[in-house]
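Data block below; observations after.
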Amino acid sequence: SADYMITSIALRCESTVWDITQKGYEKKRSKLIGAYFPQTPGNTFFLFVKLNQLHAQAGNKGRYVHTEAVQAALAKHKEKKMAVPMPSKRRSLVVQTSMDTYTPPEGDGEEEDGEGGGGTSSRAGSLSMEHWISRAIHSTSSTTTTTSSAASSSSSSTHSGGSGAASGRLADVLAQHVHISNHSAPPDVTSYTNITANTTTDGIQVDKAPGAGTTAQKQTPKYGNAELMETGDGVPVSSRVSAKIQQLVNTLKRPKRPPLREFFVDDFEELLEVQQPDPNVPKAEGAEVVTMAGEQLGVVTNWPPSLEAALQRWGTISPKAPCLTTMDTNGKPLYVLTYGKLWSRSVKVAYNLLHKLGTKQEPLVRPGDRVALVFPNNDPAAFMTAFYGCLLAEVVPVPIEVPLTRKDAGSQQIGFLLGSCGVTVALTSDACHKGLPKSSTGEIPQFKGWPKVLWCVAESKHLSKPPRDWFPHIKEANQDTAYIEYKTCKDGGVLGVTVMRIAMLTHCQTLTQSCAYTEAETIVNVLDFKKDVGLWHAVLTSVMNMMHVISIPYALMKVNPLSWIQKVCQYKAKVAFVKSRDMHWALVAHRDQRDINLSSLRMLVVADGANPWSISSCDSFLNVFQTKGLRPEVICPCASSPEALTVAIRRPLDEGCAPPGRGVLSMLGLSHGVIRVDSEEKLSVLTLQDVGMVMPGGLMCTVKPEGIPVLCKTDEIGELCVCTVATGTSYYGLAGMTKNTFEVYPVCNSGTPISEFPFTRTGLLGFIGPAGLIFVAGKMDGLMVVGGRRHNADDIVATALAVEPMKFVYRGRIAVFSIPVLHDERIVVVAEQRPDSTEEDSFQWMSRVLQAIDSIHQVGVYCLALVPSNTLPKTPLGGIHLSETKQLFLEGALHPCNVLMCPHTCVTNLPKPRQKQPEIGPASVMVGNLVSGKRIAQASGRDLGQIEDNDQARKFLFLSEVLQWRAQTTPDHVLYTLLNSRGTIYSSLTCVQLHKRAEKIAAMLAERGHLQDGDHVALVYPPGVDLIVAFYGCLYAGCVPITVRPPHPQNIATTLPTVKMIVEVSQSVCVMTTQVILKLLRSKEASAAVDVRSWPPVMDTDDLPKKKPPLLYKPSNPDTLAYLDFSVSTTGMLAGVKMSHTATSAFCRSIKLQCELYPSREVAICLDPYCGLGFVLWCLCSVYSGHQSILIPPSELEVNPSLWLSAVSQYKVRDTFCSYSVMELCTKGLGLQTDSLKSRGVDLSRVRTCVVVAEERPRIALTQSFSKLFKDLGLHPRAVSTSFGCRVNLAICLQGTSGPDPTTVFVDMRALRHDRVRLVERGSPHSLPLMESGKILPGVRIIIANPETKGPMGESHLGEIWVQSGHNASGYFTVYGDESLQSDHFNSRLSFGDTQTIWARTGYLGFLRRTELTDASGDRHDALYVVGALEEAMELRGMRYHPIDIETSVIRTHKSITECAVFTWTNLLVVVVELDGSEQEALDLVPLVTNVVLEEHYLIVGVVVVVDIGVIPINSRGEKQRMHLRDGFLADQLDPIYVAYNM
């Protein structure tokens, strides 16, 4: 009651002054209010406040409630405000438009349904809510001083003063912290336990700078230790990026809302835990709903038997009576259609439809056929004529929108509807026909998705006159279909609702009765006359009652929003049909016009009165126009749906009646589907107005929205269902959906149906309130179920629009929808921002919207995107096309200009972080060759000792001796041929030439360099024969060579320091190179990059001395160093390994046996010759085995991509070796040229092995696409394979000539994260294909061990690959003598089982699996699968992730992502993507990347960085240098297009 309201208001005002304690307030409140509360438990939970005496002043209440709630919610947030990092954007992306060139967007809120909510305050009569409340209280309380909202906000700001200061202090502490932790490992954010934190007033943790302890730990990095990933060594953390990340980290540390009890245990089957019901969730407690019946439908004697009969009657007895007046865009009457004209023209249309289309024998249209009506919104007269023409001809009209372009939003789905209805003819107006797009021949093209239709102009002058004796057949209304109304679904699909003739007539009767229409009344219509309320009242019911319709076109409303009010005055109209947007725009445009008088109105029907924000428009409108004769009881909200037609409409009340009540409901209750009158928390309430009573002759009940239609309880929100003749009968052609919607039999809790007649689901959610009033709280289509709670899109729109500054987005240009990500719906808000807003404005507004929605709806927004004005897809009436917007968002084609993602706040259903299980002790598991019941995972290549072959080179212990022997026995045999980019031979070396040149180098080293035995020499040469000559020259002189990639002339600054570093670390006493590179080393650019003075002596070998050395060096011990192999790992670590003479010879022999290499063979090598297997194949193997190596420098492929494959074909090569970068270059560069290569005679059919030399997991997608592409050139798919090597052993596996083909298995990616291998079928979800890395080389033994405990693993278990072989490297070459790492990597023993054998640890995870295939010796073949490097792997949430898996998912999400790299920083996952496209697409990628990583990897991306192509650094092997990238990112050197920090 009003007294209750005033008491609580008085209390609230008092509390602002005296500030009584909360407890005292509660006590006082309950004493005062107790009397008004219903005591009986069975009572429904409403308190409808009859605002009789307040109603007049309460004009603005509805609107302000929401705005104030939002402001209060934001004020709350301000107290605990924390800095959120703003995304950084490249300047070119910041849109700057001047206001002069700008026009407001089309259809600024002329949305059909999606017009914006309770936001904008009208300029007139803006009495603030407090103002009238205080007027109402004036008599009861003397303390009216604090009425303005300023007082309450100022009081709250003084309270928060303390914390404000605290947060200021906090910022200082943070700033210091950022500087302190300069070179130490960043804090771990994900666990709250190990952080030493001093908690400030707001409970935000501040980390103390990690002390010396962490630095000490870092000196000894262990394998599989994620710490390496977490350091920013040498990167000053105070750079801008790091500060932002620190900010983000601190924001994320705030305690989140409690997670849902919906953790899924990420075990094998990975079940989602069934959500435990929260005992505190409000539950419905009322009695079962009783079906409400409307008043009886009065049978009036002169109601016509059908609409056509009514038209005939008025057309003949009062032909001069006006039926319809149309307006032009100036508001002048354009045309008056009389009943006589409507009748005669409709008859003409009917005759032409039936007799003038097709031939006499084969008419194109027969009674019962469907015909499309395509009429523009400004021509209701032509539409009406065509519509009634169809009714008279007994054909079924399907009114649709005019397709403006061939690609119109949603026109494809409309086409689908027309096709399924079998439409072959489209009626249209003359002007519309002229405006349709035409082809060059003048034909109207077929629109996308449309069937072929014949376009007919249905205007009188284009039609033939019917003969005198022809009359349409007028029957009583029957069960035939009268018309089909289209309906757009949530997913964008279009359905056709069929309405029978009897339903159409009955519906007109119910409207006539409830609106009390009388003959010849004048009504004004602003709505779309082709469907819904506009069609029902202004086209159908109007004709039944011979009323006069004044039709206001949409175009006129855009020019003059007051036009409908002026027409009501001008024509003294009794009824007007509007939407709340029309009232809103009238208010905005209103300038106190003198001549307006609305006293003639007896009904102002608000078509979207069921929308939650219509109430504010109604109130404000009444508030302003009451002085102009508008009576409060005239406003009649109604609720309707395409399926159920008019569901309810408020009747015009008698004057002086009390206005109906309002429901003030708790949002929280609504989200759980129950109705609670809000008591305390005034922020989150929804104020609803009723939409009147059930329609005459109808029954209504509410049923549970999902599942079986069980009746709701009285205090429960359900879907409204109606049982009446006047509804649609089916979705055309869709029997199943029809059954679920139009043939529903509601049941009681006991399961018995409540009626034998079917009910129709209205698609509206609501309840039947006291006195049989219907309240609608939302639509089924706008329902979003997030975490088990239901939210209405419209409510969220209203909240977003109430956020200051309200002018930031256009009312009605905002879309809210949900997308499924990781087993739940996530809310997305998309809005068009005004063109003059700055980046700061946008970000400010976005943060506020997030906070407001969070406070009011207690739900997190997953993504908020702002797009430039006028860019969202529109519906024909200018509103936002929701499903199309959603589609664009999901496809990454929305092109937003600002994006804020909040996965950290929203996603609360991630699997539990994994706790590591303690390992089982050794004693219990080892039995013979079994570990926990499985065969021990061990395998070996063929035994070198037992292979009998006529290998002459075995006699020699040293490669230098092999070369001398070949120079004597086969002096003119060609060992090396180097090709240039044109494919011609650039230079070649025979055995004797190589020997002679090597001797000269040795002489030069002895003479000029004065080198001793065992001195280190750096060889800085381009790929070619000079490098080989220099290498053997070093061996002849007894020096230890180190091959170094020369600096890149275009990029000295970054490449030269690496060269210098290798020279220094390898302790080289001299550098040998060519004259060209020597000049480069002495250039200006070089001296800028490094200190040139500290180089050792540099010699160029272009002019060699003529004499040979006195004698060639012969090492005394084969275990001495032959050469050093330096390589930079993908994590950016430089590691050199020592290769002894024994290992080198064993290596060459192993490869010779595996690949069956003999002097008569030719091998093509397209690899970088500086380290690993690439160097061995380029420099060593030919000398050992005697085969000819055709050398192709990979850099030449950039000039001529077909060089390698042409050479393979030309030299009829059987074995060839390449790198991934070469393979990728061929795949991308020659993809479209296979035909031209074929015509040039390129033939790859002789290739039996094409091996990719790699130190990583095989890139199966690349090898497969390469095989597929070049299959046409004869390449056998089985020929392509990969090798595997690492630092401790440069080649462990290599697919040889004999032996089974490489096998592929599919493993479960989720199990891999837990270090388990689970084989699955191809194509199963979360499956990852792994290809075997070639065959294990002869003389190599492999075992799989647990990297932590060093125990042996069972077969098909994931562990670290350990290797033992004669060609293992003998250790790291280190200056610092860090022996612990050395012994761990090169001399490890198992902790149990065979504890004697000494193994080398590869640092790679993998597993062994025995296959069904047999190898050469007849044994079953053991396949080795490499999963990834331990040092690359990222430990996140207790699980082990390999970057490549996340990157593969990301690259798949959008066509513009060409490359991706991920790394972690302070336990945040950072994803860097290269964009191949316009910079406008950059922001599209942020949501897509976040979604895919969540869906497929259960990880939340912390930062998304969009960069240009080529920013991600890649080494010579084609591996990504993720650590370099990370350092570059933190040092702010990437120049990213966009950086998004996910909240």
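Selection of the stretch 353-407 for residues being open to solvent by less than 10 Å² (accessible area, probe 1.4 Å) and part of a loop (DSSP other than H, G, I, E, B) yields VAL365, PHE375, VAL395, PRO403. Would you be able to tell me the number of residues in the stretch 411-454 that are open to solvent by 10 Å² or more (accessible area, probe 1.4 Å) and touching a residue at least 60 places away in the same chain (Cβ under 8 Å)? Looking only at that region, the number is 7.
Scanning the stretch 1210-1228 for residues being in contact with a Lys or Arg (Cβ under 8 Å, 6 or more places away or on another chain) and either more than 16 Å from GLN1264 (Cβ to Cβ) or of a type in the set (Asp, Glu) (or both) gives a total of 6. Within the stretch 1528-1541, the set of residues being in contact with an Asp or Glu (Cβ under 8 Å, 6 or more places away or on another chain) and among the charged types (D, E, K, R) comprises just one member, ASP1535.
For beta carbons closer than 9 Å, sequence separation of 6+ or different chains, a first residue in the stretch 1141-1162 that is closer than 16 Å to SER1370 by Cα and a second that is open to solvent by 20 Å² or more (accessible area, probe 1.4 Å) and part of a helix (DSSP H, G or I), the qualifying pairs are SER1145/ARG954; ALA1146/LEU944.
Table: residues versus (1) β-branched (Val, Ile, Thr); (2) under 30 Å from MET1434 (Cβ atoms); (3) in contact (Cβ under 8 Å) with a residue 24 or more places away in the chain; (4) open to solvent by 30 Å² or more (accessible area, probe 1.4 Å).
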| residue | (1), (2), (3), (4) |
| --- | --- |
| VAL1017 | yes, no, yes, no |
| PRO1022 | no, no, yes, yes |
| TYR1032 | no, no, yes, no |
| PRO1047 | no, no, yes, no |
| CYS1070 | no, no, yes, no |
| THR1074 | yes, no, yes, no |
| LEU1121 | no, no, yes, yes |
| VAL1128 | yes, yes, yes, yes |
| THR1131 | yes, yes, yes, no |
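Just so you know, in the stretch 998-1011 the residues that are open to solvent by 30 Å² or more (accessible area, probe 1.4 Å) and in contact (Cβ under 8 Å) with a residue 24 or more places away in the chain include one that is nearest to CYS1166 (Cα to Cα), and it is LYS1000.
Scanning the stretch 300-310 for residues that are under 19 Å from LEU540 (Cβ atoms) and either surrounded by fewer than 17 Cβ atoms within 10 Å (Cβ to Cβ) or not acidic (Asp, Glu) (or both) yields VAL300, ASN302, TRP303, PRO304, PRO305, SER306, LEU307, ALA309, ALA310.
To keep it simple, each residue is scored yes or no on (1) more than 24 Å from VAL1163 (Cα to Cα); (2) touching a Phe, Trp or Tyr at 6+ places or on another chain (Cβ under 9 Å).
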{"position": "SER1267", "(1), (2)": "no, no"}
{"position": "ARG1278", "(1), (2)": "no, no"}
{"position": "SER1281", "(1), (2)": "no, no"}
{"position": "ALA1291", "(1), (2)": "no, yes"}
{"position": "SER1298", "(1), (2)": "no, no"}
{"position": "ASP1301", "(1), (2)": "no, no"}
{"position": "VAL1307", "(1), (2)": "yes, yes"}
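For the stretch 1084-1098, does any single residue satisfy the condition of being over 21 Å from CYS1171 (Cα atoms) and of a type in the set (Phe, Trp, Tyr)? So far as the stretch 1084-1098 goes, yes, one or more of its residues are over 21 Å from CYS1171 (Cα atoms) and of a type in the set (Phe, Trp, Tyr). Taking (1) open to solvent by less than 30 Å² (accessible area, probe 1.4 Å); (2) in a loop (DSSP other than H, G, I, E, B) in turn, ASN870 satisfies each apart from (1). Of all residues in the stretch 805-834 being among the charged types (D, E, K, R) and part of a strand (DSSP E or B), which is most open to solvent (accessible area, probe 1.4 Å)? If we take residues in the stretch 805-834 being among the charged types (D, E, K, R) and part of a strand (DSSP E or B), then GLU825 is most open to solvent (accessible area, probe 1.4 Å). Remark: ASP1102 matches the filter, which requires a residue to be touching an Asp or Glu at 6+ places or on another chain (Cβ under 9 Å), without any contact (Cβ under 8 Å) to a residue 60 or more places away in the chain and acidic (Asp, Glu).
Residues in the stretch 568-597 that are basic (Lys, Arg) and at pLDDT 90 or above were compared, and the one that is most open to solvent (accessible area, probe 1.4 Å) is LYS572.
The residue that is most open to solvent (accessible area, probe 1.4 Å), counting only those in the stretch 1303-1332 that are out of contact with any His (no Cβ under 9 Å at 6 or more places or on another chain), without any contact (Cβ under 8 Å) to a residue 40 or more places away in the chain and in a loop (DSSP other than H, G, I, E, B), is ARG1322. Every condition in (1) at pLDDT 90 or above; (2) open to solvent by less than 10 Å² (accessible area, probe 1.4 Å); (3) more than 17 Å from the chain's Cα centre (by Cα); (4) farther than 28 Å from LEU1167 by Cα holds for PRO1536 except the one numbered (2). Among the residues of the stretch 311-326 satisfying the criterion of being touching a residue at least 40 places away in the same chain (Cβ under 8 Å) and crowded, with 23+ Cβ neighbours inside 10 Å, which is farthest from ALA386 (Cα to Cα)? The residue in question is TRP314. Among the residues in the stretch 1498-1508, are any buried (at least 23 other Cβ atoms within 10 Å of the Cβ), modelled with pLDDT under 95, assigned to a helix (DSSP H, G or I) and not aliphatic (A, V, I, L, M)? No: zero hits. I'd like the full set of residues that are over 24 Å from LEU765 (Cα atoms) and at pLDDT 90 or above, limited to the stretch 787-826. Listed by number, the list holds a single entry, VAL821. Can you spot a residue in the stretch 918-929 that is at pLDDT 90 or above, open to solvent by less than 50 Å² (accessible area, probe 1.4 Å) and in a loop (DSSP other than H, G, I, E, B)? Checked against the condition, which is being at pLDDT 90 or above, open to solvent by less than 50 Å² (accessible area, probe 1.4 Å) and in a loop (DSSP other than H, G, I, E, B), the stretch 918-929 yields no hits at all. Of all the listed residues (ARG1452, ARG1517), the sole one being surrounded by fewer than 19 Cβ atoms within 10 Å (Cβ to Cβ), in contact (Cβ under 8 Å) with a residue 12 or more places away in the chain and among the basic types (Lys, Arg) is ARG1452. May I ask you to verify whether TYR976 is open to solvent by less than 10 Å² (accessible area, probe 1.4 Å), closer than 24 Å to LEU1078 by Cβ, of a type outside the set (A, V, I, L, M, F, W, C) and not in a strand (DSSP E or B)? No; evaluated as a whole, the condition is false for this residue. Scanning the stretch 327-352 for residues that are open to solvent by 50 Å² or more (accessible area, probe 1.4 Å), touching a strand residue (DSSP E or B) at 6+ places or on another chain (Cβ under 9 Å) and over 19 Å from TYR388 (Cα atoms) returns PRO333, LEU334. When the stretch 1017-1052 is filtered for residues that are assigned to a helix (DSSP H, G or I) and over 23 Å from SER1116 (Cβ atoms), the ones remaining, listed by number, are VAL1025, ASP1026, LEU1027, ILE1028, VAL1029, ALA1030, PRO1049, GLN1050, ASN1051, ILE1052. Can you say whether SER837 is hydroxyl-bearing (Ser, Thr, Tyr), open to solvent by less than 20 Å² (accessible area, probe 1.4 Å) and in a loop (DSSP other than H, G, I, E, B), as far as the supplied structure shows? The answer is yes for SER837.
What number goes with the only condition from (1) closer than 17 Å to VAL1183 by Cβ; (2) open to solvent by 10 Å² or more (accessible area, probe 1.4 Å); (3) of a type in the set (Val, Ile, Thr) that THR1054 does not pass? Every listed condition holds for THR1054 apart from (1).
The values are calculated or read from the model by the stated rules, or taken from the named source; none is laboratory data. Everything numeric in this text was worked out from a predicted model, so none of it was measured. Positions of Cβ are backbone-derived with ideal geometry, glycine not excepted, and every protein chain shown enters the neighbour counts. Please note that ligands, DNA and RNA were not included when accessible areas were found on the heavy atoms of the full protein model with its side chains. Shrake-Rupley method; radii C 1.70, N 1.55, O 1.52, S 1.80 Å.
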